[in-house]
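Take a look at the structure below.
The values are calculated or read from the model by the stated rules, or taken from the named source; none is laboratory data. The structure presented is a predicted model; accordingly, all values stated were derived computationally and were not measured. Ideal geometry is used to build each Cβ from the backbone, glycine not excepted, and the neighbour counts take in all protein chains shown.
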Amino acid sequence: MPVRIQEQPFQVLVMLLERAAEVVTREELRQKLWPEGTFVEFEDSLNTAVRKLRAVLGDSGENPRFIETIAKRGWRFIAPVKRDTESVRSAAAMDGGVSAEKSPSATYSSIAVLPFTNLSSDPSDEYFSDGISEEIINALAKLEGLRVAARTSSFSFKGRAVEIGEIARKLGVSTVLEGSVRKAGNRIRITAQLVNAADGFQLWSERYDRELEDIFAVQDEIAHSIADRLKFTLEDDQQLVKAGTDNLEAYQLYVKGRALLYRRGRSLPCALELLKRAVALDAEYALAWALLADTYCNLAWYGFVRPDESLPHAKGAAIRAVALDTSSAEAHTALAHTYNFCWEWATAERQFLRALELNPRYVQALDWYGVWQVQAVGGRFEEGLRHAQHAVECDPLSGYAIASLAWAYAFAGRSTEGLAVAQHAVELDAESILAHLILAYTLYFQGRFEGSVAVGEAALGMSGRHPLFMAFLALAYADWGKPAEARAVHTELLARAAREYVSPTLLATSAAAVGERDEAIRYTREAYAIRDPQLTNLGKHWPGTRHLRDDSRFVEILASMGS
């Protein structure tokens, strides 16, 4: 009966069978499997290949029936070998890890692309190998009929020893692509293998040794090879990977900036500098302009810079991105996000809908539109909740998508359902400010003040005493009946604002919590004057600002913002 075997173990088996009863040295196997100039830890790789071969044969190193280890030299095939033409035909059918018994004639409808392993000597190249995986994800997502696991869900398995079958089960996919990247000077080696999740055997594998400047072509080749193996038909010369730039340095800056933007928080200023350099090198780089706009918006939201200083730059970058590539969902989402922050609601709505028309599974567009436009601005709570739920369906292991869903539940007044969601978000991303903040608020909305304060205090230290948590703690302590603690937090926040920019909306929230109504209205007017995005997010419909919404002056300010 034919057996299924992966490529390198199969090559080892062929050499052992060709010289049955003779010792095949490690060096001979190295020369066969990894030609001169190959960069690989061949000792570990060779031991792995032999171990996999023994597993297929049901053999063991301690009591060998087929493969005997010759210490410090190599291996020997010790079982009787019958050489006949039928055996040769069966062996020859084992192409790329698939036996003659089961060739990949069936089509596959789903795939997860795992983060490629960085084998380079420089750990800082991690962002580069991650970027390759992400570009392949984006390319495969263009194949109509192929469901591709979203980036965040696939990347949740990074650095974890999880079986392919388990990954596939959690992501609901039938195939998994994994690989590695090694940079050495201006040379790059990429290995990739496509695995059938049902049985763990390879459907396809390849190794690419190229100049670094060929990286875009290699990514496109990988995507085309997978499309072909999964039986998807492409138009002649159809390009799946569109790098958006021919400038390799600009691309590397973009990829690194994107990785830092994903981290949010204190990584944002570094992301900004990298992306500014990327567009300086290539002023036609639409994706870099879109990401630059997102970064400016996030800097304003997290309070690293004043919004009246940051948002004009965001708007200019987003407009440039759309002008350069009208078919980019990322560009339209960036422009929509900017218009939302600039309080141009109708234009933001149109741009969000255009982004989702271009890519209905774009998680960032689904969340930003559903939570911060539909709910926070429009007050359409159930509609926004549906968008956030769809985002989680598209990216089920994304801490960001799940945290956004918890915010959507809170806006909808459904904190009981949102609690488990918020807890899950923190479990998935223990460093997320957004996840910890919504968990604290969700407990607060349920009247569980002790638990909410415990989450807030822990996150306060983790976040570098971020004003978002200070404003929340002033609110939670006050409603818990601890006015002294609330006043202490408010006093600290005022001292912080005397030294550096603090969102006036957060100052207003804190002031209202300790009963300083006139002070709270003064800060609200300041927030209005500078178009503070927190006034949109936490002012109009957020249930945590009820201390302010029963003041007619606050209601008048909100009404003047429009809707």
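Yes or no: the stretch 349-361 includes at least one residue that is over 23 Å from Ser432 (Cβ atoms), touching a helix residue (DSSP H, G or I) at 6+ places or on another chain (Cβ under 7 Å) and basic (Lys, Arg). Scanning the stretch 349-361 turns up at least one residue that is over 23 Å from Ser432 (Cβ atoms), touching a helix residue (DSSP H, G or I) at 6+ places or on another chain (Cβ under 7 Å) and basic (Lys, Arg).
Conditions tested, residue by residue: (1) part of a helix (DSSP H, G or I); (2) surrounded by 15 or more Cβ atoms within 10 Å (Cβ to Cβ).
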residue	(1), (2)
Ile222	yes, yes
Lys231	no, no
Leu268	yes, yes
Arg277	yes, yes
Ala280	yes, no
Glu284	no, yes
Leu287	yes, yes
Leu292	yes, yes
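Which members of the stretch 66-77 meet the condition of being of a type in the set (Lys, Arg) and closer than 19 Å to Phe10 by Cβ? Explain how you work it out, then say what you get.
Residues of the stretch 66-77 of a type in the set (Lys, Arg): 72-73, 76.
Matches in the stretch 66-77: Arg76 only.
Search the stretch 238-254 for residues being crowded, with 20+ Cβ neighbours inside 10 Å and in a helix (DSSP H, G or I), and hand back the single one that is nearest to the chain's Cα centre (by Cα). The residue in question is Tyr254.
Return a yes/no flag: does the stretch 360-367 have any residue that is of a type in the set (S, T, N, Q), outside any helix (DSSP H, G or I) and either farther than 18 Å from Leu538 by Cα or in contact (Cβ under 8 Å) with a residue 40 or more places away in the chain (or both). No, the conditions are met nowhere in the stretch 360-367.
Go through the stretch 180-215 and give me each residue that's among the small types (Gly, Ala, Ser) and either without any contact (Cβ under 8 Å) to a residue 24 or more places away in the chain or out of contact with any Asp or Glu (no Cβ under 9 Å at 6 or more places or on another chain) (or both). Working first, answer last.
Filtering the stretch 180-215 for residues among the small types (Gly, Ala, Ser) gives 180, 184-185, 192, 197-198, 200, 205.
Those that are among the small types (Gly, Ala, Ser) and either without any contact (Cβ under 8 Å) to a residue 24 or more places away in the chain or out of contact with any Asp or Glu (no Cβ under 9 Å at 6 or more places or on another chain) (or both): Ser180, Ala184, Gly185, Ala197, Ala198.
The residues on offer are Arg76, Arg54, and the sole one that is crowded, with 17+ Cβ neighbours inside 10 Å, modelled with pLDDT of 65 or more and under 30 Å from Val176 (Cα atoms) is Arg54.
Taken over the stretch 120-147, residues that are within 13 Å of the chain's Cα centre (by Cα) and outside any helix (DSSP H, G or I) amount to 0.
As a summary of the residue check, His387 satisfies the conditions (1) of a type outside the set (Phe, Trp, Tyr); (2) more than 30 Å from Ala243 (Cα to Cα); (3) surrounded by 23 or more Cβ atoms within 10 Å (Cβ to Cβ) except for the one numbered (2).
Name the single residue that is surrounded by the fewest Cβ atoms within 10 Å (Cβ to Cβ) among those in the stretch 183-207 being closer than 11 Å to Ile226 by Cα and among the hydrophobic types (A, V, I, L, M, F, W, C). Quick ask: steps written out before the conclusion?
In the first step, residues of the stretch 183-207 are kept if they are closer than 11 Å to Ile226 by Cα; the result is 192-195, 203-206.
After this cut, where a residue has to be among the hydrophobic types (A, V, I, L, M, F, W, C) as well, the list is 192, 194-195, 203-204.
Numbers: Ala192: 24, Leu194: 25, Val195: 25, Leu203: 20, Trp204: 23.
Restricting to residues being closer than 11 Å to Ile226 by Cα and among the hydrophobic types (A, V, I, L, M, F, W, C), the top hit is Leu203.
Does Leu385 satisfy the condition of being under 12 Å from Ala336 (Cα atoms), assigned to a helix (DSSP H, G or I) and not small (Gly, Ala, Ser)? Spelling it out, it is not the case that Leu385 is under 12 Å from Ala336 (Cα atoms), assigned to a helix (DSSP H, G or I) and not small (Gly, Ala, Ser).
Tell me, which residue of the stretch 494-534 that is of a type in the set (Gly, Ala, Ser), within 36 Å of the chain's Cα centre (by Cα) and part of a helix (DSSP H, G or I) is nearest to Asn298 (Cα to Cα)? First the steps, then the outcome.
Looking only at the stretch 494-534, we keep the residues that are of a type in the set (Gly, Ala, Ser), and these are 495, 497-498, 503, 508, 510-513, 515, 520, 527, 529.
Pick out the ones that are also within 36 Å of the chain's Cα centre (by Cα) and you get 497, 503, 508, 510, 527, 529.
If we keep only those that are part of a helix (DSSP H, G or I) too, we end up with 497, 508, 510, 527, 529.
On the way: Ala497: 19, Ala508: 21, Ser510: 22, Ala527: 17, Ala529: 19 Å.
That would be Ala527.
From the list Ala471, Ala401, Ala420, the lone residue that is touching a His at 6+ places or on another chain (Cβ under 9 Å) and assigned to a helix (DSSP H, G or I) is Ala471.
Could you tell me whether Ser415 is out of contact with any strand residue (DSSP E or B) (no Cβ under 8 Å at 6 or more places or on another chain), surrounded by 18 or more Cβ atoms within 10 Å (Cβ to Cβ) and either touching a residue at least 40 places away in the same chain (Cβ under 8 Å) or over 26 Å from Ser154 (Cβ atoms) (or both)? Judged against the criteria, Ser415 is a match. Selection of the stretch 474-491 for residues being free of Cβ contacts under 8 Å to residues at least 24 places away in the same chain, in contact with a helix residue (DSSP H, G or I) (Cβ under 9 Å, 6 or more places away or on another chain) and assigned to a helix (DSSP H, G or I) yields Ala484, Glu485, Ala488, Val489. Kindly indicate whether any position in the stretch 466-476 is of a type in the set (Gly, Ala, Ser) and either in contact with a Pro (Cβ under 9 Å, 6 or more places away or on another chain) or under 27 Å from Asn340 (Cα atoms) (or both). Yes; the residues of the stretch 466-476 include at least one that is of a type in the set (Gly, Ala, Ser) and either in contact with a Pro (Cβ under 9 Å, 6 or more places away or on another chain) or under 27 Å from Asn340 (Cα atoms) (or both).
If you filter the stretch 308-332 down to residues that are closer than 19 Å to Tyr362 by Cα and part of a helix (DSSP H, G or I), you find that the one that is nearest to the chain's Cα centre (by Cα) is Glu330.
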